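Following: one structure in structure tokens, then a few remarks.
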Amino acid sequence: MSSEWISIEDFCAKHNIGKWNYYFAEAKQIFEFKIEELHKLIDLGLLLNGTEGGLVLGNSHQKGGIHLLQPNSENTFKYVGEMEGWEYLTHFKTASKYRNEFTEINERTKPISKYIKTTFKIPETCKVIDTTEKEIAFILVSNYNQFIINRFATKKHIKEIIALDKNIL
């Protein structure tokens, strides 16, 4: 990965993908990708599956972050936001079941400074979604809610997070 990062706007313009669509029923604009454009991201090796969650490695917000796409319809995927490296993305089955617990973990450890490093030794039982070698990275998230745990809370409470996230019965 180069030290220079590319914005999602520049990347999409360069590759002629993505488009703003206005949804009158919701009275809002959504940036969407057609299924063919999603396949282009897959072919470029830039789209990873995050529906089952895991520790996400990659760019900080300051370096462009990691972009999240969610199914919007049978043939479109909407841009739903950005997360950053060393944050934890929960499995879609645990997000609602343990929402209070994940919220409390996030609240326990508020971000101190965006410049503090949050790397740590990753437990062997931790699923990892590694985007570190990508020019720009996209993660496909579930139609169902998933929860993002900030990198400071993830570092401090990773074992507790993994234990909750693995309890998907």
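Mean residue ellipticity at 222 nm from the helices of the chain, using -39,500 (n - 2.57) per DSSP H segment of n ≥ 4 over the full residue count, to the nearest 500 deg cm²/dmol?
When only DSSP H runs of four or more count, the value is -8500 deg cm²/dmol.
Give the separation of the Cα centroids, segment 41-66 to segment 110-169, in Å.
Segment 41-66 and segment 110-169 have Cα centres separated by 11 Å.
Taking the Cα centre of the chain as origin and charging only Cβ (+1 Lys, Arg; -1 Asp, Glu), how large is the dipole, in debye to the nearest 20?
My answer is approximately 580 debye.
If you plug each phi of segment 79-95 into the Karplus form 6.51 cos²θ - 1.76 cosθ + 1.60 with θ = phi - 60°, what whole-Hz ³J(HN,Hα) values come out, in order, with x for Gly and Pro?
The phi angles translate into 6, 10, x, 9, 10, 10, x, 6, 8, 10, 9, 6, 5, 5, 6, 9, 4 Hz.
Going down the list Lys28/Lys97; Lys110/Lys155; Lys134/Lys156, which pairs span over 19 Å between their C-alpha atoms?
Lys28/Lys97; Lys134/Lys156
Given that just one value was derived from the coordinates, which of [x] -0.34, -0.94; [y] -0.39, -0.97; [z] -0.45, -0.87 is log10 I(q)/I(0) by the Debye sum over Cα atoms at q = 0.10, 0.16 Å⁻¹?
Of the listed options [x] -0.34, -0.94; [y] -0.39, -0.97; [z] -0.45, -0.87, [y] comes from this structure.
In what sequence do Ile149, Ile17 fall when counting other Cβ within 10 Å, fewest first?
Going from sparsest to densest Cβ surroundings: Ile17, Ile149.
Looking at the chain, which longest stretch skips every one of the trypsin sites (Lys or Arg not before Pro) that is in a DSSP loop with at most 13 other Cβ atoms within 10 Å, leaving the sites themselves out?
With trypsin sites (Lys or Arg not before Pro) excluded where exposed in loops, the chain gives 1-113 as its longest stretch.
If you take every DSSP beta bridge whose two residues both sit in the chain, what share of them, in percent to the nearest 5, is antiparallel?
Rounded to the nearest five, the antiparallel share is 70 percent.
Apply the Karplus curve 6.51 cos²θ - 1.76 cosθ + 1.60, θ = phi - 60°, to the phi angles in segment 158-164 and return the couplings in whole Hz, x for Gly and Pro.
Along segment 158-164, the couplings run 4, 5, 5, 4, 4, 4, 5 Hz.
Pull up the cross-link candidates among the aspartates and glutamates for Lys93, meaning alpha carbon to alpha carbon under 15 Å and not fewer than 8 places away within one chain.
Excluding near neighbours in sequence, the set is Glu52, Glu101, Asp165.
Given R₀ = 22 Å, FRET efficiency for Thr132-Lys159 by Cβ-Cβ distance, to 0.05?
Result of the calculation: an efficiency of 0.45.
With springs only between Cα atoms under 10 Å, which of Leu55, Leu44, Leu140 fluctuates most in a Gaussian network model of the chain?
Leu44
All of the numbers you see were taken from the coordinates with simple rules; none came from a lab. All values reported here derive from a predicted model rather than from experimental measurement. Neighbour counts are summed over all protein chains in view; Cβ atoms, including those assigned to glycine, are modelled from backbone coordinates with ideal geometry.
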